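Shown next, in structure tokens, is the structure this report addresses.
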Amino acid sequence: MSHETLLLGQTLWFEGNALTQGVETARHHRRGGVLIRGGKIADRGDAEALQKSYPQAEILDYGAHLITAGFVDAHMHYPQTRMIASWGKRLIDWLNTYTFPEEMTLADPAEARARADLTLDLALAHGTTSLCSFTTIHPCSVDGFFDAAAARGMRVFAGKTCMDRNAPEGLRDTAQSAYDDSKALLARWHGKGRAEYVITPRFSPTSTPEQLAALGTLWAEHPECLMQTHLSEQTDEIEWVHSLFPDCVDYLQTYEKYGLLGERGLYGHAIHLTDRERARLREVGAAVVHCPTSNTFIGSGLFDMAGLAADELRIGLATDTGGGSNFSMLRTMAAAYEIGQLRGTALHPAQLMYLATEGSARALKAEDRIGTLAIGSEADITVLDLASTYAIEQRYARAETFYEALFPTIMMGDDRAIADVWVGGVQAERKLA
Ligand code: GUN
Ligand code: ZN
């Protein structure tokens, strides 16, 4: 019998889509447990029953802390970690002023690895166990990220960011090199340990039609891979796309035309969508990723969560650091709540937790591996202290229901709320916690 660990505490998981099927899909145990065996979740349920069934298991009792699936950040840019919270610009100026010079530094493999180490340590400190990241045009930025993730045992998703125009000298590839490098990196990394390769054209303005077509060809050759990009984040950006692709009726068509629209496609932001774009995303079963702290920070707009959920699109939640202004998925949930309020929809705490875990995992087509506490899933687990600061604790103390006790941590919590993190069934070393 291999080693078994039984985590006890409050537990929260979902049996259905909390966003579309409602809060009734959430299962909360005031005294629950999760059994870990061989890096996976082997059982879950009521604490007492689990203790009876597995008397030999090593017990870790978290008391009133909340055991949840580890957070999944479905869209972020690890090269931008050091330039988070850069002041005063909107998307295009922000890219040119802050982002591109910073991304240039990842030409150096040692820099790339150091940036990846820093980012993944920050992620674990904030209870994020999986991320889907953009990199830079440099192949070494992909190697650095996957090596750093492997050293921590994390399931991560990433690919070479491709751009062959409208970017400075030193930060452009070509249609051919984007195809060749992406293909080689895909062969090297996809399915190696917990790495998943994602074909990554940055966004239409920085790719020529030839490059988009080359990456569309690569995706057709590797339909098992995800493809990630950006879509309709700011109105100025959309105008620019129209001028660059005059023969396309809308932004989404610039991807569709070159084979970059599909069920395994992840479209970041997706704020200012036309009816046609929404219909096409829905028809192909694509996923969109909501990046709320980024959308307010760069001034992009208000994501239509209720409308897109009603369309039954898969929706992930993400920090989008460094356009996003925080590494924490708790703060990201809070921002999603606030944007919902501005649009007249109050997302329930259970729906916010669902988005940050299973919702993101479903967007990544990885819900059979991460983002849930389901039996058979990889044991990536975050344990939340629901009374981590004085401000939170004084509100928590007055709560009459579980969700009233959880919501102050969603709204005010940060890395201090992360009591423990498990990655692949191993208690994570949290260097920056
Ligand atoms: N659109 C294209 N590149 C980026 C990026 O790095 N961040 C954000 N927020 N939007 C983008
Ligand atoms: Zn982004």
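The values are calculated or read from the model by the stated rules, or taken from the named source; none is laboratory data. Every value quoted in this text rests on a predicted model; they were computed, and no experiment measured them. Glycine also receives a Cβ, built like all others from the backbone with ideal geometry; neighbour counts cover every protein chain displayed. Calculation scope for accessible area: heavy atoms of the full protein, side chains included, ligands and nucleic acids excluded. Shrake-Rupley method; radii C 1.70, N 1.55, O 1.52, S 1.80 Å.
Considering the dipole of the stretch 80-170 built from charges on the beta carbon (Lys and Arg +1, Asp and Glu -1) around the Cα centre, which of A167, I92, M104 is farthest to its positive end?
It is I92.
Please give the helix 235-244 orientation as an angle from the longest Cα principal axis of the chain, in degrees from 0 to 90, rounded to the nearest 10.
Result, in degrees: 40.
Per residue, how many Å² of accessible area does the chain show with a 1.4 Å probe?
35
What percent do you get for the relative contact order of the chain when only Cα pairs under 8 Å and 6+ apart count?
20
State, in angstrom, two size descriptors of the stretch 40-184 derived from its alpha carbons: Rg to one decimal place and Dmax to the nearest whole number.
Rg and Dmax of the stretch 40-184, Cα atoms, are 20.0, 65 Å.
Among DSSP bridges having both ends in the stretch 4-118, what percentage is antiparallel? Round to the nearest 5.
Percent antiparallel among DSSP bridges in the stretch 4-118 is about 75.
Relative to the longest principal Cα axis of the chain, at what angle does helix 109-125 sit, 0 to 90 degrees, rounded to 10?
40
Need the full-extension length gain, A306 to E338, defined as separation in residues times 0.36 nm minus the C-alpha distance. One decimal, nm.
10.2 nm
Please list the non-local residues whose amide H lies under 5 Å from the amide H of D164, H modeled 1.01 Å from N, same-chain partners needing a gap of 5 or more.
So D164 has HN proximity to D173, S207, T208.
Quick one: pull the percentage of alpha-carbon pairs in the stretch 311-399 with a separation above 23 Å.
In whole percent, the long-distance tail amounts to 32.
With contacts defined as alpha carbon pairs under 8 Å and 6 or more residues apart, what's the relative contact order of the stretch 1-155 in percent?
Computed over the stretch 1-155, the figure is 21 percent.
Order of 308-314, 65-71, 55-61, 203-209 by packing, highest average Cβ count within 10 Å first?
Descending packing order for the listed peptides: 65-71, 203-209, 308-314, 55-61.
Out of every Cα pair in the stretch 1-109, what percent are spaced more than 20 Å from each other?
60
If you add up the charges near L386, with Lys and Arg at +1 and Asp and Glu at -1, over every other residue whose beta carbon is less than 11 angstrom from its beta carbon, what do you get?
Result for the neighbourhood of L386: -2.
Given charges of +1 on the Cβ of Lys and Arg and -1 on the Cβ of Asp and Glu, with all other atoms neutral, how large is the dipole of the stretch 257-359 about its Cα centre, in debye to the nearest 20?
Around 160 debye, computed over the stretch 257-359.
Place +1 on the Cβ of every Lys and Arg and -1 on the Cβ of every Asp and Glu in the chain, take the dipole about the Cα centre, and give the residue among L7, L373, A335 whose Cα lies farthest towards its positive end.
L7
Helix 209-221 versus the longest principal axis of the chain: what angle, 0 to 90°, nearest 10, using Cα atoms?
With both axes taken from Cα atoms, the answer is about 50 degrees.
Quick one: of K183/K431; K183/K257; K183/K365; K192/K365, which pairs are farther than 25 Å apart, Cα to Cα?
Listed pairs above 25 Å: K183/K431.
Using the Cα centre as the reference, give the magnitude of the dipole from point charges on the C-beta atoms of the chain (Lys, Arg: +1; Asp, Glu: -1; all else neutral), rounded to the nearest 20 debye.
Magnitude of the dipole: close to 500 debye.
What is the dipole size for the stretch 1-60, taken about its Cα centre, with +1 at each Lys and Arg Cβ and -1 at each Asp and Glu Cβ, in debye to the nearest 20?
The dipole of the stretch 1-60 has a size of about 40 debye.
What aspartates and glutamates does K89 reach when the alpha-carbon gap must be under 19 Å and sequence neighbours fewer than 8 apart in one chain are set aside?
Of all the aspartates and glutamates, those that pass the test against K89 - Cα under 19 Å, at least 8 places apart if same chain - are E102, E103, E233, D236, E237, E239, D320.
Just going by the charge dipole of the chain, with Lys and Arg at +1 and Asp and Glu at -1 on Cβ, which of Y267, G32, V142 is farthest out on the positive end?
G32
Counting Lys and Arg as +1 and Asp and Glu as -1, what is the net charge of the other residues whose Cβ lies under 11 Å from the Cβ of R194?
Net local charge, R194 excluded: +1.
Looking at the chain, what % of its DSSP beta bridges pair antiparallel, to the nearest 5?
Given both bridge residues lie in the chain, the antiparallel proportion sits at roughly 45 percent.
Using Cα pairs under 8 angstrom and six or more residues apart, how large is the relative contact order of the stretch 337-433, in percent?
24
Given 0.36 nm per residue, what is the gain on full extension from W87 to D275 after removing their alpha carbon distance, in nm?
That pair, W87 and D275, stretches by 64.3 nm at full extension.
Normalise the Cα radius of gyration of the chain by 2.2 N^0.38 Å (N = residues in it) and let me know the number.
Computed over Cα atoms of the chain, the ratio equals 0.94.
Would you list, by chain and number, the lysines whose Cα falls below 28 Å from the Cα of K52, excluding same-chain residues fewer than 8 positions away?
K40
Between D368 and E283, what length in nm is gained on full extension when 0.36 nm per residue of separation is reduced by their alpha carbon distance?
That works out to 28.3 nm of additional length.
Sort T136, T97 by accessible area with a 1.4 Å probe, largest first.
Result of the area sort, largest leading: T97, T136.
With a 10 Å cut-off between alpha carbons and a GNM built on the chain, which of G191, G371, G323 moves the most?
G191
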